[in-house]
1. Put a dot 7 Å past each Cα toward the Cβ at E120 and L7; how far apart are the dots in nm?
2. On the principal axes of its Cα set, how long, how wide and how thick is region 1-93? Give whole Å, largest value first.
3. Counting only heavy atoms of protein chains, what accessible area per residue, in Å², does the chain have with a probe of 1.4 Å?
4. Tell me the relative contact order for region 46-110 as a rounded percent, counting alpha carbon contacts under 8 Å between residues six or more apart.
5. Calculate the dipole size of region 20-106 relative to its Cα centre from +1 charges on Lys and Arg beta carbons and -1 charges on Asp and Glu beta carbons; express the result in debye to the nearest 20.
6. When only C-alpha pairs under 8 Å and at least 6 residues apart count, what is the relative contact order of the chain, in percent?
7. Between the helical axis of 10-24 and the dominant principal axis of the chain, each derived from Cα atoms, what acute angle in degrees is found, rounded to the nearest 10?
8. Tilt of helix 43-52 relative to the longest C-alpha principal axis of the chain, in degrees (0 to 90, nearest 10)?
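The values are calculated or read from the model by the stated rules, or taken from the named source; none is laboratory data. In this text the structure is predicted, and so the values were computed from the model without any measurement. Using ideal geometry, Cβ is built from the backbone for each residue, glycine included, and neighbour counts are taken over all protein chains shown. Surface areas here come from the heavy atoms of the whole protein model, side chains and all, with no ligands, DNA or RNA. Shrake-Rupley method; radii C 1.70, N 1.55, O 1.52, S 1.80 Å.
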Amino acid sequence: TIERHRLPMTPFDNLISAFVQDQTVTRYANWGEVLGYCVNSANPVGRLVLYLCGYRDEERQRLSDATCTALQLANFWQDLGTDVSRGRVYLPADTLRAFGCDPDAVARGEDSPALRRCLEAEVARARRLLDEGETLAARVEPRLGREVRLFAAGGRAILRKIERGETFDVPGDG
């Protein structure tokens, strides 16, 4: 498949880096580190789908990256409590502090109004990324476009549920 579709090795290398990172990194100091994880974990999947469908241009890849990063973030914010119980905090420490949260308290599973405000901002960030990638669906063949729209709609639904507190898995809810 790699040879037939002339797939570059970079997305596979990035995925392996993400797997290693999953085993070694449990907290993130800043947005750049979280984004770096998404570049390795989520974005290669979208890029590989584009390559398999014959799309190799940078613009579609950029739009795919925005969508895939947003979906990864939605997953992080939805699973915050589960991740904390496993010793992981994907919310950047500097962002937590900016909202008045103690990163160690979040890691201990403590909920707070400040944490909720921080998550509101992170949900907004994920939504902006989904907006940024929205035109990808119109720039690919119709069947793939439907799939892209469905994934994005799923991400938006998760973000709405987090905002309403319906599926939001807060630390300490165990």
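1. Distance between label points: 4.2 nm.
2. In descending order, the Cα extents are 42, 23, 20 Å.
3. Using a 1.4 Å probe on heavy atoms only, each residue of the chain averages 52 Å².
4. 24
5. 160
6. Here the relative contact order equals 26 percent.
7. 20
8. The angle comes out near 20 degrees.
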